[in-house]
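K.L.:
Here it is, the structure in full.
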């Protein structure tokens, strides 16, 4: 039995509307590669550059009812960002992290478009000025890169340091924002 595209779309929409889904996900094309995005009914919960075991990771973190379903608002805001028409995101977020990582991610969200900051300064603003390395770990595990702009965080000397999408992607995001001169 084949299911029509229309019937499939209706099934997915009803499942979401009836609260039968713990987490929805989609894949968004971008200039830096495919982005795997996910949201709960509380908000955007994940962006990943890597789709390996994506559904399993979502099920472990948010519940076993995982469904691929369009995330139109997430796609629209990401498209606007990459087109240079958006400098900040208005998406609700579902962050499920401990207290200090939450404080760091709140401060990270305040780093302006087109600017960079350091791990140490971010640690100080989050209330733990000697926790630059811990902030580095939090950046490495940032569940929502781009929207929570960990690409804007650089080493104390201004050098580019690790990024989940790779240093080339970090450089490209900073160039897009005008925070780095193109090489």
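K.L.:
Relative to the first principal axis of the alpha-carbon coordinates of the chain, what is the inclination of helix 167-176, with its axis defined by its Cα atoms, in degrees from 0 to 90 and to the nearest 10?
P.N.:
Compared with the principal axis, the helix lies near 90 degrees.
K.L.:
Could you please state, rounded to a whole Å, how far the C-alpha centre of the range 58-114 is from the C-alpha centre of the range 1-55?
P.N.:
14 Å
K.L.:
Between 0 and 90 degrees, rounded to the nearest ten: what's the tilt of helix 72-82 against the longest Cα principal axis of the chain?
P.N.:
Once rounded, one gets 30 degrees.
K.L.:
Any idea what diffusion coefficient the chain gets from Stokes-Einstein, in µm²/s, Kirkwood Rh on alpha carbon pairs, 25 °C, 0.890 mPa s? Mind dumping the intermediate values first?
P.N.:
Working: Rh = 17.4 Å.
The Stokes-Einstein estimate is 141 µm²/s.
K.L.:
Percent antiparallel among DSSP beta bridges with both residues in the range 5-82, to the nearest 5? Before the final figure, lay out the partial values.
P.N.:
Values: 10 of 13 bridges.
Restricted to the range 5-82, the bridges split so that about 75 percent are antiparallel.
K.L.:
Compute the helix-to-body angle for 5-17: its Cα long axis versus the longest principal axis of the chain, expressed 0 to 90° and rounded to tens.
P.N.:
Helix 5-17 sits at roughly 70 degrees to that axis.
K.L.:
Need one number: % antiparallel among DSSP beta bridges in the chain, to the nearest 5. Don't skip to the end; give the middle numbers.
P.N.:
Values: 10 of 16 bridges.
Expressed as a percentage, antiparallel bridges in the chain total about 60.
K.L.:
Before rounding to the nearest 500, sum -39500 (n - 2.57) across all DSSP H runs of length at least 4 in the chain and divide by the residue total; then give [θ] at 222 nm in deg cm²/dmol. Show your work: numbers first, answer last.
P.N.:
Values: 7 runs with 69 residues, N = 183.
After summing the helix terms and dividing by residue count, I get -11000 deg cm²/dmol.
K.L.:
Cα gyration tensor of the range 86-183, axes a ≥ b ≥ c as square roots of the eigenvalues: rounded (a/c below 1.5), prolate (a/b > b/c) or oblate? Don't skip to the answer; put the middle values down first.
P.N.:
On the way: a/c = 1.71, a/b = 1.24, b/c = 1.38.
Since a/c reaches 1.5 but b/c is at least a/b, the shape of the range 86-183 is classed as oblate.
K.L.:
On to the next question. Determine, for 60, 172, 106, 152, the number of other Cβ atoms within 10 Å of each Cβ, and report the residues in order from fewest to most. Write out the running numbers ahead of the final one.
P.N.:
Working: 60 10, 172 18, 106 13, 152 21.
Sorted ascending by nearby Cβ count, the order is 60, 106, 172, 152.
Laboratory data are not the source of any read-out in this text; all were calculated from the coordinates shown. Bear in mind that the values here come from a model prediction, so they are computed numbers and not experimental data. As a convention, Cβ positions derive from the backbone with ideal geometry for all residues, glycine included, and neighbour counts pool all protein chains shown.
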